[in-house]
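Asks: Please find one structure pasted underneath; my questions will follow.
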Amino acid sequence: MEVKKIKDRLLQIVKRTKTMDALHQCYQEQCRGVGLYHCEDPVKVIFGLALVQDKKNQLFLCASESKAKAYAKIVDSIDPKRGCYLPSEPYHDLFLENRSKEVTRERLAALARISEEKGLLVFATPDIFTKKLSPKEVFRKSRLSLKVEEQIAYQTLVEKLTFLGYQRAEQVEHPGEFGLRGGIVDVFDIGATQPYRIEFFDDEVDSIRIFGPEDQKSVEKLEKIIIHPAREVLLKEEELAAMHDGALEALMESRRNTKNKDVKKGFGELAEKIRERQMKNWYSLIPWCSQPLVDLLDWFGSQERIFMDEADGFAELLQESYQHIQEEYVNLLEKGSVVPGMLEAIQEPYQVQKKLQSFHLLVFQRLHKRIDTYPVDREVDVASREIYSFYGRVGALADQITDWFAKEYHVYVSYEDPRELSALKEMLGGYQIAFTQEWKESDPDRGSVHLVRSGIQKGFELYKDKVVWLTYQEIFKKETRKKKKRRGKGKKIEHFTQLQVGDYVVHDVHGVGMYMGIEQIAIEGIKKDFLKLTYGKGDNLYIPVDQMEAIQTYMNFGEKEPKLNRLDSAEWKRVKSNAKKAVEDLAKELVELYARRKSVQGHAYPPTTNGCGSLKKSFPTKKRKIRSKPLKM
């Protein structure tokens, strides 16, 4: 389906700038690469959204996950439902039996939107391309549509849900699950917020209802639903069987060739899992798949343009991501815990970069610099600047608006509701500044402030196009001083339910590890619950749940994922020792600094003379008319 376009005046304003005309000229001349420099973050997103065609989806690559999320939120504030954030899968999830369900669901929900909707601006990071998935058309056609009074065999529905990747559960509570009770099928669509209850009468759908996962009570009747794929690679049972056989054969050959007893044992346990079809994470079997698989770039036409944000760091990001995967693979291979050859399912950095270079690229940069990896044959100076907040200093704003008018700027101020509009009108009227709400498709007046309704939270200035956009928040928000946060210990874990599989934790003695869930271990015939933590080289540590005070959540101060420590090394001791020494050195420096300050004699300046007063009076001052009544904000 096509996303309904919501007209936001901001996009219309940007579309009639000279900068946009220059970009359209580049489009007409079929330029392979266009560099846009002097771009502030909101401007990058606005121009990207303005260039997206209603009948196509376009990809916007960012240097970090946090940036991709932030950009998607900016799109939602301008044109709801047109921004789509597609997260990358953490590299360690490729090897885990119990993967991060939250990331998987978020990815699948995004893929469902991309396969069905049009006019989307999709935000992701370059490492999204390392992993293979089913072609877009296969993904779209595999979705399951059901409506009341439709004829479908009960068993056929169960088989289709299994093919789509839904897991059977006693009680359906989470996306990606389905349950069976007599003539009732409960299913929680991967992109839905609540599950569906489908009642059958023989082979006919009798009713469809939404129900609450907590109390299992029906909430609302529906006539039709669509159930989307719950896994990224969609394969029939015969194909899966062939993949298991191929992986098993390769595994057994590697087992015969190895002389290491531990590796031989690990391969034997893994072979048993494959033989019994108990592999939850069967992505390691992908190298033996005969069906054509693609990467995300193949979901977008080769003639489409791809937007890239600060692309100078992309090559390093791809290399670092692949290196993490490689190291994890080698570590597990040394323990016999991974199928040999799995790495063939992952695209190498040079393959991704080569494919990216075959597309038409729009490279956004804040600074004017050359990127050798992604060369451009045309450059456009967007000439944008950040707008700084006025923090309620409306007098300073009035002076600034007067200055913009003198330079023949188009001045726009956005608001979100009638209350904000009323405050803006009162403020502008109080300073006798002309304003209008009338919208002109042609060139608007340059001597009036144009009040425009829009959800964007951040303004900007296009100084070559002589356009400035301010938001209500930037005019009236109060200035707040952020308290400095002390970098103390990570957050204490009160209960194991606060943790999710894949979370990083820090143990007092053993250092940084990864939480892998709760396991029951029998000790002297009594089963007890233990937290399972995985460390470097695949080492595992089991901690009784009643001794959770020994661990705390890992505090990450950057985008980079932490390195897992090893249980059999002194690495964590060195880290703690170095940190302790750094604190002691800092304390010593501070003591010495304050001691020196105390011993140095200060300089007393003489009082000001009459000459200073005369100098101050000599400066011309312009008196402003002051309202007799204060403004009501």
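Asks: Run a plain Debye calculation on the chain (Cα atoms as equal point scatterers, no solvent) and give log10 I(q)/I(0) at q = 0.06, 0.11 Å⁻¹, rounded to two decimals, same order as the q list.
Replies: The computed values of log10 I(q)/I(0) come out as -0.47, -1.28.
Asks: So, in nm, how far is label residue 373 from label residue 278 when the simple model puts each one 7 Å beyond its Cα toward the Cβ?
Replies: Taking the simple label geometry, residue 373 and residue 278 are separated by 4.2 nm.
Asks: What's the long-distance tail for segment 267-385, i.e. % of Cα pairs beyond 24 Å?
Replies: Values: 3261 of 7021 pairs.
Across segment 267-385, Cα pairs with separations above 24 Å total 46 percent.
Asks: How large is the helix-only mean residue ellipticity at 222 nm for the chain, computed as the sum of -39500 (n - 2.57) over DSSP H runs with n ≥ 4, divided by its residue count, in deg cm²/dmol to the nearest 500? Write out the running numbers ahead of the final one.
Replies: Details: 16 runs with 208 residues, N = 633.
For the chain, the value works out to -10500 deg cm²/dmol.
Asks: So how strong a dipole does the chain carry about its Cα centre when Lys and Arg Cβ are +1 and Asp and Glu Cβ are -1, to the nearest 20 debye?
Replies: Numbers: 105 positive and 97 negative charges, 790 e Å.
Here the size comes out at about 3800 debye.
Asks: Treat each spin label as a single point 7 Å out from the Cα along the C-beta direction, and report the residue 561 to residue 595 distance in nm.
Replies: Each label point is offset 7 Å from its Cα along the Cβ direction, giving 4.7 nm.
Asks: I've got another one for you. From the Cα gyration tensor of segment 128-272, with a ≥ b ≥ c the square roots of its eigenvalues, which class applies: rounded if a/c is under 1.5, or else prolate if a/b is larger than b/c, or else oblate? Intermediate results must be reported in sequence, preceding the final value.
Replies: On the way: a/c = 2.55, a/b = 2.26, b/c = 1.13.
Taking the square roots of the gyration eigenvalues as a ≥ b ≥ c, segment 128-272 is prolate.
Asks: List the relative contact order of segment 176-326 as a percent without decimals, with contacts defined as Cα pairs under 8 Å and 6+ residues apart. Could you put the intermediate results ahead of the total?
Replies: Values: 133 pairs, mean separation 18.4, N = 151.
With pairs under 8 Å counted, the relative contact order is 12 percent.
Asks: Points 7 angstrom from Cα along the Cβ direction at residue 508 and residue 269: gap in nanometres?
Replies: 2.9 nm
Asks: Between their Cα atoms, which of 73/440; 265/537; 18/407; 15/477; 56/464 are more than 22 Å away from each other? Mind dumping the intermediate values first?
Replies: Details: 73/440 28 Å; 265/537 17 Å; 18/407 17 Å; 15/477 29 Å; 56/464 30 Å.
With Cα atoms farther than 22 Å apart: 73/440; 15/477; 56/464.
Asks: Continuing with the same structure: Ordered by residue, what ³J(HN,Hα) values in Hz, to whole numbers, does segment 195-206 give under the Karplus form 6.51 cos²θ - 1.76 cosθ + 1.60, where θ = phi - 60° and Gly and Pro are x?
Replies: These are the phi-based 3J(HN,Hα) values: x, 10, 10, 10, 9, 10, 10, 6, 9, 10, 6, 7 Hz.
Asks: Further question on the same structure: Step by step: find N for segment 46-183, compute 2.2 N^0.38 Å, then divide the Cα radius of gyration by it. What's the final number? Please report the intermediate quantities before stating the final value.
Replies: Values: Rg = 17.5 Å, N = 138, 2.2 N^0.38 = 14.3 Å.
Dividing the Cα Rg of segment 46-183 by 2.2 N^0.38 Å gives 1.22.
Asks: Probe of 1.4 angstrom, ligands and nucleic acids ignored: what's the accessible area per residue over the chain, in square angstrom? Present the calculation step by step, with values, prior to reporting the outcome.
Replies: Values: 35650 Å² over 633 residues.
Roughly 56 Å² per residue, with all protein chains present.
Asks: Of all DSSP beta bridges located in the chain, what percent are antiparallel, nearest 5? Provide the component values of the computation, followed by the final result.
Replies: Values: 51 of 88 bridges.
Bridges in the chain that DSSP calls antiparallel: roughly 60 percent.
Asks: Carbon and sulfur: what percent of the chain's accessible surface (1.4 Å probe)? Don't skip to the end; give the middle numbers.
Replies: Values: 17580 of 35650 Å².
Of all accessible area on the chain, carbon and sulfur atoms account for 49 percent.
Asks: Also: What is the calculated FRET efficiency for residue 408 to residue 252, with r their C-beta to C-beta distance and R₀ = 60 Å, to the nearest 0.05? If you can, show how the numbers build up before the last one.
Replies: Details: r = 78 Å, r/R0 = 1.30.
Here the calculated transfer efficiency is 0.15.
Asks: Any chance you could check the Cα centroid distance between segment 268-303 and segment 136-214 for me, in angstrom?
Replies: 25 Å
Asks: Tell me whether segment 91-163 comes out rounded, prolate or oblate; compute the Cα gyration tensor, take square roots of the eigenvalues as a ≥ b ≥ c, and use a/c under 1.5 as the rounded threshold. Provide the component values of the computation, followed by the final result.
Replies: Values: a/c = 2.61, a/b = 1.50, b/c = 1.74.
Oblate.
Asks: Using +1 at the Cβ of each Lys and Arg and -1 at the Cβ of each Asp and Glu in the chain, identify which of 30, 347, 593 lies farthest towards the dipole's positive end.
Replies: Most positive-ward Cα: 593.
The values are calculated or read from the model by the stated rules, or taken from the named source; none is laboratory data. Bear in mind the structure is a predicted one, so any value in this text is a computation, not a measurement. With ideal geometry, Cβ positions are generated from the backbone for all residues, glycine too; neighbour counts draw on all protein chains shown. Note: accessible area is taken over every heavy atom of the protein model, side chains too, but ligands, DNA and RNA are not part of it. Shrake-Rupley method; radii C 1.70, N 1.55, O 1.52, S 1.80 Å.
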